[in-house]
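These notes are about the structure you will find just below.
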Amino acid sequence: MSLFAKESEVLAPLATGWFLEHAWLIPVVPAIAFALIILIGKRLPMKGSELGVLSMVASLVLSAGAAYQWIQRVNSAAEEQFVTPVIKSWSWWQSGGLDFGIGQHIDGLSIVVLFVVAFISTLVQIYSLEYLRGDRRYTHFFAALTLFSGGMLAMVLADNMILFLLGWEIMGLCSFLLIGHWWEEDANSRAALKAFFTVRVGDIGLLVGISMLYFSANEWTQENLGVSGFSIRGISAWALSGEPNSTVIMIAAIALFIASIGKSGQFPLHTWLPDAMAGPTPVSSLLHSSTMVVAGVFLVARLYPVFFVGLDILGSGGNLIMIIGGITIVISAALAFVQNDIKRVLAYSTVSQLGYMMLGLGAGAWLPAVFHIFTHAFFKACLFLGAGSISHSASHHSFDMKRDMGGLRKVMPITFSTWIISTLALCGVFPFSGFFSKDEIIDNVGNNGYNTFMIIGLLGAFMTAAYMTRATYLTFFGEPRGASAGDSSHAAHDVHATPDAHATHDSHGPHESGLLITVPLMILSVLALGSGFLNATPFGESWERMKLWVEPRAVEVVDATYSGGPGESLIVNLPSAEESHSKSVCGSATPETGVCFAPQLQHAKFKWSKAMISMVIVFLGIAISWILSVLLFTRRDPRLVGLTQRVKVLGLGHNFLVNKYYLDHLYEKVIVHSIAHPISRAAYWFNQNILDGILHGFAKSTRTISDWVYKNVDQRVVDSTVNNSATFTKSVGTAAQPTQSGKVSQYGALLFSAAAIAALVLVIINT
Amino acid sequence: MYVNQFLFLASVLFCIGVYGVIARKNAVLILMSIELILNSVNINLLTFALRNGSADGHTFALYIIAVAAAEVGVGLGLVLLVYRNKKTISVDDLSEMRG
């Protein structure tokens, strides 16, 4: 009894609140709004867009409330206490003894991503009001955009892998709809198909991974936690329990990681991402900053214990996640140098930044990676919306930097300044937000002993700075070219929009965009500047808010009981007080007294000397790129212009990059041809010889059988029965004919004698 | 109460009716014979109704009288039409239904 009292002194009851308990409403609101837009959107005064914006605002308010109450919950916990996620689950459907749940799992990670998604979605929808004004499928655009956000929100707060998969697939579908929004152009619908199918290749990994985890974890989770093997919480605890077979969990982790590669555009499945630029710019912005591509990173962060154990994160040598992340950083940054389309530069930049997140996750820098999701969402959304603003108001819907942009800093001051702030954040310049997150990733990768990957990270930072400087120079500096110089004679109109998108848009010269576009830009640029201070490691422990609020604490939790009942919260409580002060065993050894939900990770100590190195590298990248850009694009320096034509090696390299490492060729020409064509030929042969042979043989034998049946069964048995019965009836009729005399009195006599006989029979029977 | 007499009367009436239906050639007389049969049944019903002290028989008898009135109406209508077309109401001459 005294022990119990002591424990309850250590443990403060965790605060909760309405917003935390009802966080499941966050994706439900956009889902309902989607249905309403589809049903009645066209009849509303603003063609359904108001429903989309309102639902996203409602989701934002709900997520902000949940975030506030989550912070209160964390603050109410004791120092070393595991902050229990707010879990609610209901039975969705049951089949063959399997119980598929639906519910919410609210912890620090979901809160961060929920807030970011709702926030960016709201701004993007407001921006779209102006950007897509007068579009042919305005209502459908808002419907798909709303469902897209709803899918992401559902995936983020899913408490089990089935709901997670649902959200994941809804996003896949909506990305297809949105990328192919202007499907009248062949290229756009091809891009939509490419995105859909490339992601589907990865999705198979997700299905395999989920099934493997379910079948290997279900027994353990039912016994120890009372939840099914789909439950994220159950899977996390199971992975760290020392129970799983190392091969099984490794294959499951690899399968899940393949899904992440597909969704998050990691090498070698990154090829769909730049093509996805075919969609309207708000879609690109939403897709690339906070939803869709982040889903893959989120999957790894969400099931981190599985990857931690399965892929031996923090072990010696690199693991799959780090290697893929590292490769992605460098190759996509290199591709960004040869793009002329401003959105494609940003797309490759996104791929590269996602590589950083993967690198961080693979190297055990969980929190910096999640923090990078947070900061990256703001500045990348701002960059994309900035690019959209330029094309909307200055360059006649062209995104070609070399042909239609240049010198725009004077005519678009707001777009220019927000662009510069976001670019500096992306490059990682102090004190912009990217510095705090990206530098922390690089720092932690080195701190965990992966020096090669730290160098790759620094190289990536250099390249990021350089290609962003090139893009900025081409867009905003130098002399105006093409459409931005007021030249509307050439056909930039065929590039990205339908004719009726132009109809309302008069073609006077470049100008600043309207308030509906610039206000979201300004809000995002403020966050691109300021959001880094939520986890500003240089200023000491007290600034590391994100670490306190978001990172799950690696402590053993005992007496994990499920209070049961639909809609009931899970209560996980009572950590063993004595052990909590020693170093946690979570992730490194088998927990003896309870279960772990997160592995123990380390955090690098911030040093200005290390930060200065990366700062110098970034500035070097900016300076070199600036000088080269000025020489190449403005001065037209004869030593540089046409260099790729003159020097063969550089020309080859340039070609290699322009053709995107020939990966598209590899996929379409080599893999698809070598697999699909023999298969189709074999299928044709099989069809002609075997299937048709079987078919013909079958037809022949059927004919023989039916002939026999006709002669013997049909003619002899059936027909003779029918004929005989007819003959019999005829003879009976002939025999009975005389009674039909036509004389009424005779009929009467027959009637009464029959009645008399019947009466007699009745009398005899009754007596 | 002597049930026998009533039943005897009813059976006599019934037999006369049956004889009329079978033997008479005149269609009107056949209809009248059918009335006799129906009324003999009525007598039977009333006899047993009185004997058992229940109102069922009375109800049935009233019902039969109503139906019989309708039947006679229809029957006489038929006879009238037959007479108009054939100028005879002898049932022996109306043997078109011979099979």
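Every number here is computed from the coordinates shown, using simple stated rules; none is lab data. The structure displayed is predicted, hence computed values, not measured ones. Positions of Cβ are generated from backbone atoms using ideal geometry, with glycine treated the same way; all protein chains shown enter the neighbour counts.
Between B:ARG98 and A:TYR684, what's the calculated FRET efficiency when r is the beta-carbon distance and R0 is 56 Å? Round to 0.05.
Details: r = 76 Å, r/R0 = 1.36.
Calculated value: 0.15.
Close amide-amide hydrogen proximity is noted between A:ARG553 and A:VAL83, each under 5 Å apart and 5 or more residues distant or on a separate chain (H modeled in the peptide plane; Pro and chain starts excluded). Cβ crowding within 10 Å, taken as a proxy for footprinting-reagent exposure, orders A:ARG716, A:ARG481 from fewest neighbours to most as A:ARG716, A:ARG481. For the pair the stretch B:7-68 / the stretch A:393-425, the C-alpha centres are spaced 112 Å from each other. Put the Cα centre of the stretch A:136-208 next to the Cα centre of the stretch A:298-345 and the gap is 22 Å.
So if each residue of separation counts as 0.36 nm, and I subtract the Cα-Cα distance between A:ALA758 and A:LYS743, what length gain in nm does that give? Mind dumping the intermediate values first?
Details: separation 15, 0.36 × 15 = 5.40 nm, distance 2.28 nm.
Stretched out fully, the A:ALA758 to A:LYS743 stretch lengthens by 3.1 nm.
Stretching the chain fully between A:ILE251 and A:PHE533 yields a gain of 97.7 nm (0.36 nm per residue, less the alpha carbon separation). Neighbour counts of other Cβ atoms within 10 Å put A:MET56, A:MET612, A:MET250 in the fewest-to-most order A:MET612, A:MET250, A:MET56.
Amide H contacts of A:GLY103 (H built 1.01 Å from N, in plane; Pro and chain starts excluded): A:TRP90, A:ASP159, A:ASN160 sit under 5 Å, all sequence-distant by 5 or more or on other chains. Sorting A:351-364, A:428-441 by their mean Cβ neighbour count within 10 Å, with the most densely packed peptide first, gives A:351-364, A:428-441.
Take the Cα pairs of the stretch A:679-767, get the Kirkwood Rh, then feed it into Stokes-Einstein at 37 °C and 0.692 mPa s and tell me D in µm²/s. Here the translational diffusion coefficient equals 166 µm²/s. You can think of it this way: the chain between A:ALA699 and A:LYS605 has 25.9 nm of extra reach, that is 0.36 nm per residue less the Cα-Cα gap.
What percentage of all Cα-Cα pairs in the stretch A:191-300 are separated by more than 25 Å? Walk me through the numbers before you get to the answer.
Details: 1909 of 5995 pairs.
Of the Cα pairs, 32 percent sit more than 25 Å apart.
Please name whichever of A:ILE210, B:CYS15, A:GLY96 sits farthest to the positive end of the charge dipole of the protein assembly as shown, dipole taken about the Cα centre and charges placed at Cβ: Lys and Arg +1, Asp and Glu -1. Result: B:CYS15, furthest along the dipole toward the positive end.
The radius of gyration of the Cα set in the stretch B:26-91, together with its Dmax, comes out at 15.5, 51 angstrom. With neighbour counts taken as other beta-carbon atoms within 10 Å, the residues A:TRP18, A:TRP168 rank, fewest first, as A:TRP18, A:TRP168. A simple spin-label model places the labels of A:LEU173 and A:VAL670 3.6 nm from each other, with each point 7 Å out along Cα-to-Cβ.
Given the pairs B:LYS25/B:LYS87; A:LYS547/A:LYS610; A:LYS743/B:LYS86; A:LYS42/A:LYS380; A:LYS194/A:LYS343; A:LYS730/B:LYS86, which are separated by over 24 angstrom at their Cα positions?
Working: B:LYS25/B:LYS87 14 Å; A:LYS547/A:LYS610 21 Å; A:LYS743/B:LYS86 16 Å; A:LYS42/A:LYS380 32 Å; A:LYS194/A:LYS343 18 Å; A:LYS730/B:LYS86 34 Å.
Pairs exceeding 24 Å: A:LYS42/A:LYS380; A:LYS730/B:LYS86.
Placing one equal scatterer on every Cα of the stretch A:238-327 and applying the Debye formula, the log10 ratio I(q)/I(0) at q = 0.11 Å⁻¹ is -0.36. Mind checking the dipole of the protein assembly as shown: about its Cα centre, +1 per Lys or Arg Cβ, -1 per Asp or Glu Cβ, Debye to the nearest 20? The dipole magnitude comes to about 2500 debye.
Compute the FRET efficiency between A:ASP714 and A:ASP692 as 1/(1 + (r/R0)^6), taking r as their Cβ-Cβ distance and R0 = 22 Å, and round to the nearest 0.05. Approximately 0.15, to the nearest 0.05.
Cβ screening of the protein assembly as shown for cysteine pairs under 4.7 Å finds these without a partner: A:CYS174, A:CYS382, A:CYS427, B:CYS15. At q = 0.07, 0.09, 0.10 Å⁻¹ the log10 of I(q)/I(0) for the protein assembly as shown amounts to -0.61, -0.89, -1.09, computed by Debye summation with a single uniform scatterer per C-alpha, solvent ignored.
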